[in-house]
Amino acid sequence: MTEPTRDARTTPRWLRLPALVLCGLLASYFAVAYTFALEKDIPAWLKDHPWSLWLGTWPMFTYIDPSSTVVYAEARVDGEWQDIDLEALFPYRWESGPRYARTSVRRNRGRMQALGAAACGRLEKQEGITAERIRFRSERIAKTKGKNPQPKRKLKVERLLDWPCDGKARRPTGEVW
Amino acid sequence: MAESSLSDRVFAPHWAGGWALARVLFALALLSAHLPRAAGIGDVFGAQDLLFTMGPLTLNNYIILSEGSAWGLWIAGLVGLGGLLFGGRLAKPGLAVWLLTTAVLLVNETLNIKAYDRLTLWLCLAFFLSPMGERSLQNKWRSPVARWMVLITFIALYGSTGWLKALKEPTWWTNGDVLAYHMLHPYFGMKPIGVWASTQKWLLLPLCWATVIFEAAFPVLVWWRRVNPWLLLVGALMHLGIRIFMYVGPFSYVALAAYPVLLHPEVARELWTRRLGPWLAARGVRIQAAASSVDRPASAQ
């Protein structure tokens, strides 16, 4: 009886050491990323290159988060302030929320200015509303278990930006538009 | 030679059937992330009025995508995913096309490169080294290196999140508040079942413990053949639970797509030869007969 053919292959010998080195580097990268994932006291090299470990860091849902923040906007049209629907102007959203609500936008004046200019432009283009100014605020509330919608408990309002619609924002390229 | 025999034992080929299923699941998971991005073209991808840079993501300093070019990239990515789904020689080029085009779109958007995008990147590296481009993998044994990379990635993913929870946030152990509040996140949360569960301490506390114990123990237990399938079952239930209680996008799908590879190859092969293969054959699915247990190669060729 002939033995059935076995189709088995593995890494050739000359490639085994590079393969092990690759796996070792991958494991080391993740280990370093874990070591500094939530540390405030980080070494100088990491302060100089704060993004270097980002691809290997997954600190999601680690800390307790008893409050939530939502961003709202108003436009001044003919001297009157009126609420505007940011979700209609910027409809795409991720499971983490819309782009404009990200902390990295709220906490960065340049990005907020770009958002202000874009909101003015989209209001005019999409809804035919010519606004004079637009202003953004964030509302931070304490979460209440078992409630939907959430009551505005311990509300803290923060003004984010008051933007004139004839103002100029900068693109990353430095171009003003 | 003792040295070469050790090397041969370490690099002994593993049953490769898991890669065939993982490829299909991975393609479907990437599709579930890719298709909804079409709704963002013009609003975020290829938008001319909201361009950002952040850290090393500086593409917008050099190239400003138009809406048309964003559509072109999205369609090319979709075609690439078609190749990955079709398999064979199209699998790896398809994945490469999807990866490159999607990377440009994500870097153009800049601010929302998610945890599942980063996990996808690492898994892509493993898939490129895997035998996923071959047909009839249920009858083949291949190098374990790609599986090691998946293992290292998941050990890092689960291990780091589990140990950070265990060491940095005591409420994972003391009450269910940490989970309750995540279920009340204005975007990730607020599912009716999550809002209800946020008041059910009897449910939250065991879920907290199970999550932390599973994640923290994964790096050790995944290697133990007898425990491996049960550990992965717990992981699958955890991802299913996250999907039930929260909106987490394609994260669960991307993670679960790698599970056929995380399953111990011999356990997977037994499952295939004794259960899944005969079950499919009985339903008229034409599959080349899987090799029996006696055919298993003793060492590398």
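Things to note:
- FRET efficiency, A:R137 to B:I244 (Cβ-Cβ, R0 25 Å, nearest 0.05): 0.15
- Expressed as a fraction of 2.2 N^0.38 Å, the C-alpha radius of gyration for the protein assembly as shown is 1.10.
- Residue mean of other protein chain beta carbons inside 10 Å, B:41-52: 6
- Counting Cβ atoms of other protein chains within 10 Å of each residue's Cβ and taking the mean over peptide A:138-145 gives 4.
- Other protein chain Cβ atoms within 10 Å, averaged over every residue that makes up B:163-170: 4
- The protection proxy used here, the mean number of other Cβ atoms lying within 10 Å of each residue, ranks peptides B:255-264, A:73-82, B:69-78 as follows, highest first: B:255-264, B:69-78, A:73-82.
- Taken along its three principal axes, the alpha carbon spread of chain B comes to 62, 51, 47 Å, from the longest extent down to the shortest.
- A:W94, B:W196, B:W98 arranged by Cβ crowding within 10 Å, fewest neighbours leading: B:W196, A:W94, B:W98
- Residue ranges A:7-17, B:8-18 sort as B:8-18, A:7-17 when ordered by packing (mean number of other C-beta atoms within 10 Å per residue, highest first).
- Ordered by the count of other Cβ atoms within 10 Å of each Cβ, fewest first, A:Y92, A:Y72, B:Y62 give B:Y62, A:Y72, A:Y92.
- If the convex hull is drawn through the Cα atoms of the range B:159-222, its volume per residue in Å³: 88
- For A:A8, distant residues with modelled amide H under 5 Å away: B:W141
- Between helix A:13-35 and chain A there is an angle of about 40 degrees, using the helix long axis and the longest principal axis of the Cα atoms.
- Among A:C165, A:C120, the ranking by other beta carbons within 10 Å of each residue's beta carbon, starting with the fewest, stands as A:C165, A:C120.
- Remark: the range A:102-112, residue by residue, has Karplus-estimated 3J(HN,Hα) of 5, 4, 5, 8, 4, 8, 10, 4, x, 5, 5 Hz, where x stands for each Gly or Pro and the curve is 6.51 cos²θ - 1.76 cosθ + 1.60 at θ = phi - 60°.
- Binning all Cα-Cα separations of the range A:29-177 at 5 Å, short to long from zero, yields these whole-percent fractions: 2, 8, 14, 16, 16, 14, 12, 10, 6, 2, 1, 0.
- Rounded to whole Å, sorted largest first: equivalent-ellipsoid semi-axes of the range B:75-215, Cα gyration tensor: 36, 20, 14
- Hydrodynamic estimate: the Kirkwood radius of the range B:210-275 over Cα pairs, inserted into Stokes-Einstein at 10 °C and 1.306 mPa s, corresponds to D of 126 µm²/s.
- Of the DSSP H helices in chain B, those with a Cα length along their own long axis of 18 Å or more and a mean Kyte-Doolittle hydropathy reaching 0.0 comprise B:17-34, B:67-86, B:91-109, B:115-129, B:145-168, B:201-221, B:228-245.
Computed from the coordinates by the stated procedures, all read-outs in this text should not be read as laboratory data. Just so you know, these numbers come straight off a predicted model, no measurement behind them. Cβ sites come from the backbone with ideal geometry, for glycine too, and all protein chains shown count toward neighbours.
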